[in-house]
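See structure below.
The values are calculated or read from the model by the stated rules, or taken from the named source; none is laboratory data. This structure is a prediction, so every number in the text was calculated from the model and none was measured. Please note: Cβ atoms are built from the backbone with ideal geometry, for glycine as well, and neighbour counts cover all protein chains shown. Side chains included, ligands, DNA and RNA excluded: accessible areas come from the protein's heavy atoms. Shrake-Rupley method; radii C 1.70, N 1.55, O 1.52, S 1.80 Å.
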Amino acid sequence: MTFGVRWSLLLAASALLWSVAGSHLQAGLAPVALPPAAADSGPPVSRGWRVTTDASLRLYLPSGTLRVVTWDRDSVHVGGTLGANASLFGGGAASHVKLGVEADNMRDGTLPTASLEVRVPRRARVWVKMIDGELSVTGTRAELEAYTIRGRVTVHDVAGSTTIESIDAPVTLSNATGDVRIRGSRAVVSLDQVNALVSISTVSGSVVTRRSPIEGRIETVGGGITVRGVKAGARLGLQSHAGAVLLELPAGRVPLLELASYRGVVRPAGSTMGREEFGRIDARSFRGNITVSLVP
(Lines give C-alpha, C1' and ligand atoms only; values in the text may rest on other atoms or scores of the structure.)
Protein backbone atom coordinates (compact mmCIF):
# COMPACT_ATOMS: atom_id res chain seq x y z
CA MET A 1 0.00 0.00 0.00
CA THR A 2 1.40 3.40 -0.98
CA PHE A 3 2.06 6.19 1.51
CA GLY A 4 -0.73 8.31 -0.02
CA VAL A 5 -3.29 5.55 0.30
CA ARG A 6 -2.22 4.77 3.87
CA TRP A 7 -2.52 8.40 4.87
CA SER A 8 -5.93 8.77 3.24
CA LEU A 9 -7.11 5.83 5.32
CA LEU A 10 -5.67 7.44 8.46
CA LEU A 11 -7.47 10.71 7.79
CA ALA A 12 -10.72 8.85 7.29
CA ALA A 13 -10.23 6.84 10.46
CA SER A 14 -9.36 9.93 12.47
CA ALA A 15 -12.39 11.82 11.20
CA LEU A 16 -14.49 9.02 12.65
CA LEU A 17 -12.40 8.77 15.81
CA TRP A 18 -15.08 9.34 18.36
CA SER A 19 -17.70 7.41 16.44
CA VAL A 20 -16.01 4.26 17.73
CA ALA A 21 -17.42 5.16 21.13
CA GLY A 22 -20.84 5.54 19.61
CA SER A 23 -22.33 2.85 21.82
CA HIS A 24 -21.97 5.35 24.65
CA LEU A 25 -23.02 8.52 22.82
CA GLN A 26 -26.23 9.47 21.07
CA ALA A 27 -26.34 10.44 17.42
CA GLY A 28 -27.26 13.89 16.19
CA LEU A 29 -25.26 15.98 18.67
CA ALA A 30 -24.84 19.73 18.19
CA PRO A 31 -21.45 20.92 16.82
CA VAL A 32 -18.70 20.18 19.31
CA ALA A 33 -17.14 23.17 21.06
CA LEU A 34 -13.41 23.28 21.78
CA PRO A 35 -12.60 22.25 25.36
CA PRO A 36 -10.50 24.22 27.83
CA ALA A 37 -6.79 23.39 28.04
CA ALA A 38 -7.35 21.18 31.07
CA ALA A 39 -10.31 19.61 32.74
CA ASP A 40 -12.11 21.88 35.20
CA SER A 41 -11.79 20.78 38.80
CA GLY A 42 -14.77 18.56 39.43
CA PRO A 43 -15.91 15.57 41.43
CA PRO A 44 -13.20 12.97 42.19
CA VAL A 45 -13.53 9.46 40.81
CA SER A 46 -11.97 6.19 41.95
CA ARG A 47 -12.91 2.80 40.51
CA GLY A 48 -11.21 -0.54 40.06
CA TRP A 49 -11.59 -3.92 38.37
CA ARG A 50 -9.90 -7.27 38.90
CA VAL A 51 -8.39 -8.49 35.60
CA THR A 52 -5.87 -11.00 34.27
CA THR A 53 -2.30 -9.80 33.83
CA ASP A 54 -2.68 -9.88 30.02
CA ALA A 55 -6.15 -8.35 29.84
CA SER A 56 -7.30 -6.21 26.93
CA LEU A 57 -8.14 -2.63 27.94
CA ARG A 58 -9.96 0.03 25.91
CA LEU A 59 -9.78 3.61 27.20
CA TYR A 60 -11.72 6.66 25.91
CA LEU A 61 -11.27 10.30 26.88
CA PRO A 62 -12.60 13.06 24.59
CA SER A 63 -10.49 15.84 26.16
CA GLY A 64 -8.35 16.67 29.15
CA THR A 65 -5.43 14.72 30.60
CA LEU A 66 -4.95 10.97 30.58
CA ARG A 67 -1.98 9.27 32.22
CA VAL A 68 -1.60 5.51 31.78
CA VAL A 69 0.96 3.79 34.02
CA THR A 70 1.68 0.12 34.69
CA TRP A 71 2.03 -1.88 37.86
CA ASP A 72 2.61 -5.50 38.87
CA ARG A 73 -0.94 -6.22 39.97
CA ASP A 74 -3.85 -8.11 38.44
CA SER A 75 -6.17 -5.14 38.52
CA VAL A 76 -7.08 -1.88 36.81
CA HIS A 77 -7.65 1.32 38.74
CA VAL A 78 -8.82 4.72 37.48
CA GLY A 79 -8.63 7.84 39.60
CA GLY A 80 -8.82 11.58 39.06
CA THR A 81 -11.41 14.28 38.58
CA LEU A 82 -14.18 14.86 36.11
CA GLY A 83 -14.58 18.16 34.33
CA ALA A 84 -17.36 19.86 32.45
CA ASN A 85 -20.19 17.76 31.04
CA ALA A 86 -18.49 14.48 31.98
CA SER A 87 -19.30 11.18 33.64
CA LEU A 88 -17.25 8.01 33.97
CA PHE A 89 -18.34 4.68 32.52
CA GLY A 90 -16.61 1.32 32.80
CA GLY A 91 -17.08 -2.40 32.96
CA GLY A 92 -16.16 -5.73 31.46
CA ALA A 93 -14.73 -9.02 32.64
CA ALA A 94 -11.43 -10.43 33.87
CA SER A 95 -10.04 -10.65 30.33
CA HIS A 96 -11.21 -7.25 29.08
CA VAL A 97 -12.30 -3.87 30.41
CA LYS A 98 -13.69 -0.82 28.65
CA LEU A 99 -13.73 2.48 30.48
CA GLY A 100 -13.83 6.15 29.69
CA VAL A 101 -15.63 9.45 29.86
CA GLU A 102 -18.87 10.39 28.13
CA ALA A 103 -21.15 13.42 28.06
CA ASP A 104 -23.54 14.03 30.94
CA ASN A 105 -25.78 16.14 28.75
CA MET A 106 -26.03 14.90 25.18
CA ARG A 107 -27.39 18.29 24.06
CA ASP A 108 -24.32 20.13 25.34
CA GLY A 109 -21.80 20.57 22.51
CA THR A 110 -18.85 20.85 24.89
CA LEU A 111 -16.47 17.91 24.79
CA PRO A 112 -16.54 16.06 28.13
CA THR A 113 -13.27 16.65 29.99
CA ALA A 114 -11.41 14.88 32.78
CA SER A 115 -8.02 14.48 34.39
CA LEU A 116 -7.41 10.78 34.94
CA GLU A 117 -4.67 8.35 35.90
CA VAL A 118 -5.26 4.73 34.91
CA ARG A 119 -3.10 1.96 36.37
CA VAL A 120 -2.97 -1.25 34.35
CA PRO A 121 -1.05 -4.56 34.48
CA ARG A 122 2.35 -4.30 32.84
CA ARG A 123 1.55 -6.91 30.19
CA ALA A 124 -1.98 -5.73 29.46
CA ARG A 125 -2.94 -4.89 25.89
CA VAL A 126 -3.86 -1.22 25.95
CA TRP A 127 -5.92 0.73 23.39
CA VAL A 128 -6.49 4.47 23.90
CA LYS A 129 -8.46 7.11 21.97
CA MET A 130 -8.63 10.86 22.57
CA ILE A 131 -9.75 13.88 20.61
CA ASP A 132 -7.95 16.74 22.34
CA GLY A 133 -5.62 16.69 25.33
CA GLU A 134 -2.45 15.40 26.93
CA LEU A 135 -1.86 11.66 26.74
CA SER A 136 1.07 9.92 28.43
CA VAL A 137 1.75 6.19 28.63
CA THR A 138 4.56 4.55 30.60
CA GLY A 139 5.74 0.99 31.06
CA THR A 140 3.66 -1.24 28.75
CA ARG A 141 5.26 -4.54 27.76
CA ALA A 142 2.81 -6.12 25.30
CA GLU A 143 0.68 -4.05 22.91
CA LEU A 144 -0.09 -0.35 22.93
CA GLU A 145 -2.30 1.47 20.44
CA ALA A 146 -2.91 5.21 20.89
CA TYR A 147 -5.00 7.45 18.64
CA THR A 148 -5.51 11.20 19.00
CA ILE A 149 -6.24 14.33 16.98
CA ARG A 150 -4.99 17.34 18.95
CA GLY A 151 -2.91 17.83 22.08
CA ARG A 152 0.28 15.90 22.83
CA VAL A 153 1.33 12.25 23.09
CA THR A 154 4.25 11.13 25.27
CA VAL A 155 5.17 7.44 25.47
CA HIS A 156 8.07 6.25 27.64
CA ASP A 157 9.69 2.94 28.61
CA VAL A 158 7.64 0.60 26.41
CA ALA A 159 8.36 -2.75 24.75
CA GLY A 160 6.54 -5.09 22.41
CA SER A 161 4.25 -3.59 19.77
CA THR A 162 3.63 0.18 19.90
CA THR A 163 1.30 2.00 17.49
CA ILE A 164 0.64 5.75 17.65
CA GLU A 165 -1.54 7.71 15.23
CA SER A 166 -2.00 11.46 15.48
CA ILE A 167 -3.29 14.31 13.35
CA ASP A 168 -1.98 17.47 15.05
CA ALA A 169 -0.56 16.15 18.32
CA PRO A 170 3.25 16.04 18.63
CA VAL A 171 4.52 12.57 19.47
CA THR A 172 7.49 11.88 21.76
CA LEU A 173 8.66 8.29 22.15
CA SER A 174 11.57 7.41 24.44
CA ASN A 175 13.23 4.28 25.81
CA ALA A 176 11.33 1.94 23.50
CA THR A 177 12.12 -1.50 22.08
CA GLY A 178 10.26 -3.93 19.83
CA ASP A 179 8.13 -2.84 16.87
CA VAL A 180 7.11 0.80 16.52
CA ARG A 181 4.56 2.24 14.09
CA ILE A 182 3.81 5.99 14.07
CA ARG A 183 1.54 7.92 11.70
CA GLY A 184 1.29 11.70 11.91
CA SER A 185 0.19 14.74 9.96
CA ARG A 186 1.53 18.20 10.84
CA ALA A 187 3.20 17.65 14.21
CA VAL A 188 6.75 16.64 15.09
CA VAL A 189 7.62 13.01 15.80
CA SER A 190 10.57 12.72 18.19
CA LEU A 191 12.42 9.49 19.09
CA ASP A 192 14.98 9.28 21.89
CA GLN A 193 16.74 6.05 22.90
CA VAL A 194 14.56 3.90 20.70
CA ASN A 195 16.03 0.53 19.69
CA ALA A 196 13.32 -0.87 17.47
CA LEU A 197 12.07 -1.80 14.05
CA VAL A 198 10.20 1.34 13.00
CA SER A 199 7.63 2.37 10.41
CA ILE A 200 7.03 6.12 10.58
CA SER A 201 5.17 8.38 8.17
CA THR A 202 4.02 12.00 8.33
CA VAL A 203 2.61 14.58 5.95
CA SER A 204 4.24 17.90 6.91
CA GLY A 205 5.51 16.97 10.36
CA SER A 206 9.24 16.44 10.82
CA VAL A 207 10.81 13.29 12.27
CA VAL A 208 13.82 13.54 14.59
CA THR A 209 15.73 10.64 16.15
CA ARG A 210 18.27 10.95 18.97
CA ARG A 211 20.42 8.18 20.43
CA SER A 212 18.21 5.70 18.63
CA PRO A 213 19.71 2.65 16.90
CA ILE A 214 16.67 2.09 14.73
CA GLU A 215 16.02 0.16 11.56
CA GLY A 216 13.04 0.16 9.23
CA ARG A 217 11.50 3.02 7.26
CA ILE A 218 10.68 6.73 7.67
CA GLU A 219 8.56 8.62 5.11
CA THR A 220 7.41 12.23 4.94
CA VAL A 221 5.81 14.42 2.30
CA GLY A 222 6.95 17.91 3.32
CA GLY A 223 8.52 17.28 6.71
CA GLY A 224 12.23 17.00 7.36
CA ILE A 225 14.00 13.87 8.59
CA THR A 226 16.92 13.95 11.03
CA VAL A 227 18.64 10.68 11.92
CA ARG A 228 21.45 10.47 14.44
CA GLY A 229 23.01 7.03 14.16
CA VAL A 230 21.77 3.69 12.89
CA LYS A 231 21.77 0.19 14.29
CA ALA A 232 24.92 -1.75 13.39
CA GLY A 233 24.21 -3.97 10.40
CA ALA A 234 20.64 -2.68 10.06
CA ARG A 235 18.89 -1.23 7.04
CA LEU A 236 17.08 2.09 7.20
CA GLY A 237 15.04 3.58 4.37
CA LEU A 238 14.28 7.31 4.28
CA GLN A 239 11.99 9.04 1.81
CA SER A 240 10.76 12.64 1.60
CA HIS A 241 9.12 14.52 -1.22
CA ALA A 242 10.17 18.06 -0.24
CA GLY A 243 11.69 17.85 3.23
CA ALA A 244 15.40 18.01 3.97
CA VAL A 245 17.19 14.89 5.20
CA LEU A 246 20.04 15.21 7.72
CA LEU A 247 22.19 12.25 8.73
CA GLU A 248 24.50 12.68 11.72
CA LEU A 249 26.71 9.60 11.80
CA PRO A 250 29.75 8.50 13.84
CA ALA A 251 32.91 9.15 11.85
CA GLY A 252 34.40 5.75 12.66
CA ARG A 253 31.28 3.70 11.90
CA VAL A 254 29.70 5.14 8.77
CA PRO A 255 27.12 2.79 7.24
CA LEU A 256 26.85 2.21 3.54
CA LEU A 257 24.93 5.18 2.14
CA GLU A 258 22.79 5.33 -0.99
CA LEU A 259 21.67 8.95 -1.35
CA ALA A 260 19.74 10.62 -4.17
CA SER A 261 17.69 13.79 -4.64
CA TYR A 262 16.09 14.65 -7.96
CA ARG A 263 16.02 18.43 -7.52
CA GLY A 264 17.82 18.86 -4.22
CA VAL A 265 21.51 18.77 -3.35
CA VAL A 266 23.38 15.85 -1.80
CA ARG A 267 26.20 16.88 0.53
CA PRO A 268 28.87 15.67 0.35
CA ALA A 269 28.63 14.99 -3.36
CA GLY A 270 28.50 11.35 -4.40
CA SER A 271 25.89 8.67 -3.90
CA THR A 272 27.79 6.06 -1.89
CA MET A 273 30.11 5.96 1.11
CA GLY A 274 30.65 3.91 4.23
CA ARG A 275 30.61 0.15 4.89
CA GLU A 276 27.69 -2.23 5.01
CA GLU A 277 28.94 -3.94 8.18
CA PHE A 278 27.95 -0.72 10.00
CA GLY A 279 24.50 -0.75 8.42
CA ARG A 280 22.89 0.66 5.32
CA ILE A 281 20.87 3.84 4.79
CA ASP A 282 18.94 4.47 1.57
CA ALA A 283 17.73 8.08 1.46
CA ARG A 284 15.64 9.52 -1.37
CA SER A 285 14.08 12.95 -1.87
CA PHE A 286 12.38 14.57 -4.81
CA ARG A 287 13.38 18.18 -4.13
CA GLY A 288 14.78 18.25 -0.61
CA ASN A 289 18.48 18.43 0.24
CA ILE A 290 20.29 15.45 1.77
CA THR A 291 23.19 16.24 4.10
CA VAL A 292 25.64 13.88 5.82
CA SER A 293 27.44 15.15 8.90
CA LEU A 294 30.14 13.04 10.56
CA VAL A 295 30.52 13.41 14.32
CA PRO A 296 33.15 12.00 16.72
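Ranked from largest to smallest solvent-accessible area, with a 1.4 Å probe on the protein heavy atoms, VAL208, VAL198 come out as VAL208, VAL198. Seen from every direction in turn and averaged, the convex hull around the alpha carbons of region 84-212 projects onto 8.1 nm². Computing FRET efficiency as 1/(1 + (r/R0)^6) for ARG67 and ARG263, where r is the C-beta to C-beta distance and R0 is 45 Å, gives about 0.50.
In sequence order, region 239-244 has phi-based couplings of 8, 9, 6, 10, x, 6 Hz under the Karplus curve 6.51 cos²θ - 1.76 cosθ + 1.60, θ = phi - 60°, and Gly or Pro positions carry x. Spherically averaged projected area of the convex hull of Cα atoms, region 70-119: 3.8 nm². Lys and Arg at +1, Asp and Glu at -1: add these up for the other residues within a Cβ distance under 10 Å of THR162 and post the number. That works out to -2.
Ordering GLY151, PRO121, THR138 by Cα displacement along the dipole of region 61-195 toward the positive end leaves PRO121 in first place; charges were set at the Cβ atoms of Lys, Arg (+1) and Asp, Glu (-1). DSSP beta bridges fully contained in region 156-296 are about 5 percent antiparallel. With the convex hull drawn around the C-alpha atoms of region 192-242, the volume per residue stands at 58 Å³. Taking Cβ atoms as reference points and 12 Å as the exclusive limit, the residues near ARG119 contribute a net charge of +1, counting Lys and Arg as +1 and Asp and Glu as -1. Around the Cα centre of region 102-237, unit charges on the Cβ atoms of Lys, Arg, Asp and Glu (plus for the first two, minus for the last two) sum to a dipole of about 540 debye.
Can you give the charge dipole size of region 105-146 about its Cα centre, rounded to the nearest 20 debye, using +1 on the beta carbon of Lys and Arg and -1 on the beta carbon of Asp and Glu?
320
Projected area of region 149-296, taken from the Cα convex hull and averaged over every viewing direction, in nm²? Across all orientations, region 149-296 yields a mean hull projection of 7.4 nm².
Working note: Karplus 6.51/-1.76/1.60 with θ = phi - 60° gives region 247-260 the couplings 10, 10, 10, x, 4, x, 9, 7, x, 5, 10, 10, 10, 7 Hz, where Gly and Pro are set to x. Extension gain, ARG122 to GLU248, is 41.9 nm, computed as 0.36 nm per intervening residue step minus the present C-alpha separation.
Taking every DSSP beta bridge that has both ends in region 90-238, the antiparallel portion is near 5%. Our note on the geometry: Cα centres of region 120-176 and region 200-216, 16 Å apart. Dividing the alpha-carbon radius of gyration of region 127-169 by the rule-of-thumb value 2.2 N^0.38 Å gives 1.07. What the Cα atoms of region 161-247 give is an Rg and a Dmax of 11.4, 34 Å. Modelled this way, with points 7 Å down the Cα-to-C-beta line, the labels at LEU294 and ASP179 are 3.7 nm from one another. Close amide H partners of LEU111, meaning residues 5 or more places away or on another chain with modelled amide H under 5 Å apart, are ALA33.
Hey, with R₀ at 45 Å, roughly what FRET efficiency would ASN105 and VAL188 work out to, going by the Cβ-Cβ distance, to 0.05?
In this case the efficiency is close to 0.80.
Shape descriptor for region 204-289: Rg over Rh equals 0.94 (Cα atoms; Rh from the Kirkwood inverse mean 1/r).
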